[in-house]
Amino acid sequence: MRKVKTAVVGASGYTGQELLRILLLHPGVELVCATSRQYAGKALSDVFPRFRGVPGAELHFAAADAAAVAASGAEAAFLALPHGVSVEYGRALVEAGLRVIDLSADFRLNDPAVYEEFYGKPHADVELLREAVYGMPEWHRSEIERARIVGSPGCYPTSIILPLVPLLRNGLIQPQEIVASSGSGVSGAGRKADVAYHFCECNESMRAYSVPRHRHLSEIEQELSLAAGCPLRITFIPHLMPVNTGILTTLVAKLSPGADVEKIDACYREAYGKAPFVRLLGAGVPADTKNVTRTNFVDIGWAVDERTGRAILMSAEDNVIKGAGGQGVHAFNIMFGLTETAGLMLL
């Protein structure tokens, strides 16, 4: 397996740390650049002692500069930056010949007006936004193979889109009145000092937030509308859970006439039978975050409530791996013709 020279821009957050862990051990990656404004000049292994003794971890963080990233010889760059910041690097790196995987929200949406509506300001590079590919390998593989820039899906959207898309495409559920209730670990808020995410504020407690209009609704509704073939709106209630990582999502949707649990089962097996990171638990089996944390798997279970005529869909994933860095590496593997699961069989 050839080694692709790779850079990580913004590598010192929770997602960046997990991304570094995956890439340092990836058989097809040579990590040539990692940037951090805060830790520039320090070795990866000094900032993250867990990497001590790992080949490649002697690399020093560089200042966050697009020209320096391009000069490192990198063929690919992961952007692990906040939304509104990644866009500052996308154009320069693509024009320098790098292929870019952005883990922020800057290149996920098809419509710049929707970006402005949900993120509060106009998109800074509409042309590149329109070129970008939504980086969900299970549903956009062929586009990812050819892409210069990929917008890797958000953590909540991954847990919602994957269970719903096959059923919407096959008309087994009705597109109206879908409700998603999700809980995320505290790492989803990022590695920052904020009273709301201190241990004493989060431990032994659980609360909803960003109700009724979380920013991730924009990409969720975009992808679900494409699957349904019509404009679609859902109700989404995110919650903060007192755990480090993990997302648990429960979805409720009205069944279409004639749909039943056997048809749902067959639909999922047709859609994901060969998907390496989607594990189908079967009817009546709830998903559990403890089985997916620190992995790139998403587990999906389902049930039918015959009293109400509704499908209940359950999914679990790790928000910083399958919901962020791991999914980005999956797209990277496809982009560079590597083994699809390379570096990602984490248990």
Problem set entry | Between helix 137-146 and the chain: long-axis angle, C-alpha atoms, 0 to 90°, nearest 10 | 40 degrees
For this session: Amide H neighbours of ALA62 under 5 Å, at least 5 residues apart or on other chains, H built in the peptide plane: list them.
Result: ALA34, THR35, SER36, GLY41
For this session: Grab the Cα-Cα distance for ILE312 and CYS200, subtract it from 0.36 nm times how many residues apart they are, and report the gain in nm with one decimal.
Result: 37.0 nm
Exercise. Once label points are set 7 Å from the Cα along Cα→Cβ at both GLU117 and GLU30, what is their separation, rounded to one decimal in nm?
Worked result: 4.7 nm
Exercise. Fewest to most neighbouring Cβ within 10 Å: what's the order for GLU221, GLU270?
Worked result: GLU270, GLU221
Seminar exercise, completed: Simple SL model, points at 7 angstrom along Cα→Cβ for LYS290 and ARG52; separation in nm is 3.1 nm
Seminar exercise, completed: quick note, the range 208-347, DSSP beta bridge pairs, % antiparallel (nearest 5) is 75 percent
Problem set entry | C-alpha center-to-center spacing [the range 323-342, the range 116-181] in angstrom | 17 Å
Exercise. So how tilted is helix 14-24 from the main axis of the chain? Cα-based, degrees 0 to 90, rounded to 10.
Worked result: 70 degrees
Problem set entry | Top positive-direction residue, dipole computed over the chain with Cβ charges, set VAL186, SER45, ALA331 | SER45
For this session: Specify whether the C-alpha gyration tensor of the range 208-305 places it in the rounded, prolate or oblate class, a ≥ b ≥ c being the square roots of the eigenvalues: rounded for a/c under 1.5, otherwise prolate if a/b is larger than b/c and oblate if not.
Result: oblate
For this session: Quick one: order VAL320, VAL304, VAL285 by neighbouring beta-carbon count within 10 Å, fewest to most.
Result: VAL285, VAL304, VAL320
Problem set entry | Least to most buried among CYS200, CYS230 (fewest other Cβ within 10 Å first) | CYS200, CYS230
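Coordinate-derived values only; no laboratory data. Source: prediction; values computed, not measured. Please note: Cβ atoms are built from the backbone with ideal geometry, for glycine as well, and neighbour counts cover all protein chains shown.
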